[in-house]
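Enquirer: Sharing a structure with you now.
The values are calculated or read from the model by the stated rules, or taken from the named source; none is laboratory data. What you see is a predicted model, and the numbers here were worked out from it, not measured in a lab. Ideal geometry is used to build each Cβ from the backbone, glycine not excepted, and the neighbour counts take in all protein chains shown. The protein model used for the area step is the full one, side chains on, heavy atoms only, and it has no ligands, DNA or RNA in it. Shrake-Rupley method; radii C 1.70, N 1.55, O 1.52, S 1.80 Å.
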Amino acid sequence: MITPKITLESYREIAPQGTVDLAYRLADGIKGRSFVHVNSTRWGGGVAEMLHRLVPLFTDMGLDVRWEVIEGSPVFYQVTKSFHNALQGQDQIITSEMYQEYERINKKNGRKLDLDADCVVIHDPQPAALVYKKKRRSFWLWRCHIDASHPQRKVWNFLKPFVSQYDGAVFSLPDFAQKLNIPQYLMYPSIDPLSDKNRDLSEEEMMAILQRYNIPDKPMILQVSRFDRFKDPLGVIKAYKMVKKYNDCCLVLAGGGAADDPEGLQVLNEVKADGEKDADIIILDLPPDSNLEINALQRKASVVIQKSLKEGFGLTVAEAMWKGKPVIGGFVGGITVQIVYGQTGYTVNSEEGCAYQIRYLLNNPSFAARMGQQAKEYTRRNFLITRHLCDYLALLNMGIHT
Ligand code: UDP
């Protein structure tokens, strides 16, 4: 799929005043330098979503930026999924062979990838061990996107020696910071208001996209997420069933897999087993390029849920807020700063709490619309790609000039 050319200039009217000029000035300081981002999948999940939009914008600003993706083995992805789960606090059994496979694949990728750049940004634990390739005068950042505030110690103790070799670690929330001997930085993720996922859609475009899904003509509750236990799709179904006793509505669970997530199919099957008996529950297993489809679903929804049990930062929360939707999210990780309780949505701690807030919003549509507008403005000020770009440029300036 070819990403259409993205220019920073197009964001002038949509981003808060001054942001675009600030980005140009920050870029001036690092012109001629080279950068490379590395992650573990080109498609699926928030990191790939952001890199697809950020990398062309960096390029538009005249910077020499590349995006490399590591290649793993099925065992490697199982190991890194276990790391992911363990860092987010779940008990995992990881054998010494699994640790060895992790290092072997990183070494293999290190031999293959071109990591020769002034600045290297490594995303998440999967490629973290690539730091053995770090050259003395280059600036390496480890960008951790997950909620690693209460990691399983054994796994963190394994990863920490790798992380400690970086010049800095970047987290999505102050709470996620670790005891490390390197500087730690805070950076919120972002969404792109001009991408197909988020751009304006006319009513006709939206309806044309949605007609292929046979969605009942009723108020729609929506959760968009990979089929992952931390996203709690079964909890969403339970909350919907409580609501359904009083409010006629439908539930859409839209998701898909990520190339580096081997658990997705199993969770999807569990969701289908629980949801398929009810004609008002629509489970959509979407291909990775369903940006317009997700855009249309988020616009059509009356209430958007992100009932995560752990979350570094929910891009889906910001996407729905940008479309003027009140979002009900789990009181976890980044969602606690994305949603201002009672102003831009609600955070909840249980299925009952979720059901209660869904009913409140369904029963008070004009209040929900006002809340949605506040959510949109909050997103404009805090979670757009232009702010994210400035954060990166500032950090890169600092790393390169110190
Ligand atoms: N997404 C998608 N298709 C899907 C499920 C999710 O395109 O089937 C997108 C979603 O719109 C969002 C990103 O993937 O942009 C998920 O990011 P988030 O931070 O919410 O969660 P993550 O998957 O990174 O844990």
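This table checks each residue for (1) among the polar types (S, T, N, Q); (2) in a loop (DSSP other than H, G, I, E, B); (3) assigned by TED's automatic domain parsing to the domain that holds Val332.
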residue	(1), (2), (3)
Leu130	no, no, no
Trp142	no, no, no
Ile146	no, yes, no
Pro151	no, yes, no
Phe162	no, no, no
Gln165	yes, yes, no
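Enquirer: Across segment 263-288, what is the number of residues that are within 14 Å of the ligand (Cβ to nearest atom), touching a residue at least 60 places away in the same chain (Cβ under 8 Å) and open to solvent by 30 Å² or more (accessible area, probe 1.4 Å)?
Expert: 2
Enquirer: Just one of Pro193, Pro189, Pro216 is part of a loop (DSSP other than H, G, I, E, B), modelled with pLDDT of 95 or more and in contact with a Cys (Cβ under 6 Å, 6 or more places away or on another chain); which is it?
Expert: Result: Pro216 is the single residue among Pro193, Pro189, Pro216 that is part of a loop (DSSP other than H, G, I, E, B), modelled with pLDDT of 95 or more and in contact with a Cys (Cβ under 6 Å, 6 or more places away or on another chain).
Enquirer: Also, quick follow-up: Go through segment 350-402 and count every residue that is over 30 Å from Leu63 (Cβ atoms), hydroxyl-bearing (Ser, Thr, Tyr) and part of a helix (DSSP H, G or I).
Expert: Selection size over segment 350-402: 3.
Enquirer: So which residues in segment 312-344 are hydroxyl-bearing (Ser, Thr, Tyr) and either assigned by TED's automatic domain parsing to the domain that holds Asp175 or near the ligand (Cβ under 10 Å from one of its atoms) (or both), if there are any at all?
Expert: Thr316
The rows are residues; the columns are (1) away from the ligand (no atom under 16 Å from the Cβ); (2) under 23 Å from Val79 (Cα atoms); (3) open to solvent by less than 20 Å² (accessible area, probe 1.4 Å).
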site: Asn109; (1), (2), (3): yes, yes, yes
site: Ser138; (1), (2), (3): yes, no, yes
site: Ile146; (1), (2), (3): no, yes, yes
site: Pro151; (1), (2), (3): yes, yes, yes
site: Gln184; (1), (2), (3): yes, no, no
site: Gln211; (1), (2), (3): yes, no, no
site: Pro219; (1), (2), (3): yes, no, no
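Enquirer: Pairs please, first residue from segment 33-55 and more than 8 Å from the ligand (Cβ to nearest atom), second anywhere and open to solvent by less than 10 Å² (accessible area, probe 1.4 Å) and among the acidic types (Asp, Glu), Cβ atoms under 7 Å, 6+ apart in sequence or on different chains.
Expert: As it stands, the answer is Arg53/Asp192, since those pairs meet every condition given.
Enquirer: Here is a further query. Considering Val38, Val47, which residue is in contact with an Asp or Glu (Cβ under 6 Å, 6 or more places away or on another chain) and not in a loop (DSSP other than H, G, I, E, B)?
Expert: Val38
Enquirer: Sticking with this one: Evaluate the following for Asn291: is it more than 8 Å from the ligand (Cβ to nearest atom), out of contact with any Cys (no Cβ under 9 Å at 6 or more places or on another chain) and farther than 15 Å from Asp232 by Cβ?
Expert: Criteria not met by Asn291.
Enquirer: Next question, about the same structure. With the checklist (1) under 22 Å from the mean Cα position of the chain (by Cα); (2) closer than 24 Å to Glu49 by Cβ in hand, flag the one item Trp156 doesn't pass.
Expert: If we test Trp156 against (1) under 22 Å from the mean Cα position of the chain (by Cα); (2) closer than 24 Å to Glu49 by Cβ, just (2) comes out false.
Enquirer: Something else now. Just for segment 344-398: of the residues that are among the acidic types (Asp, Glu) and touching a residue at least 24 places away in the same chain (Cβ under 8 Å), which one is most open to solvent (accessible area, probe 1.4 Å)?
Expert: Among those that are among the acidic types (Asp, Glu) and touching a residue at least 24 places away in the same chain (Cβ under 8 Å), it is Glu352.
Enquirer: Kindly check whether there is at least one residue in segment 245-265 that is among the β-branched types (Val, Ile, Thr) and assigned to a loop (DSSP other than H, G, I, E, B).
Expert: Among the residues of segment 245-265, not one is among the β-branched types (Val, Ile, Thr) and assigned to a loop (DSSP other than H, G, I, E, B), which makes the answer no.
Enquirer: Something else now. Being surrounded by fewer than 20 Cβ atoms within 10 Å (Cβ to Cβ) and farther than 17 Å from Asn291 by Cα narrows it down to one residue among Thr59, Thr80; which is it?
Expert: Just a single option satisfies the conditions, and that option is Thr59.
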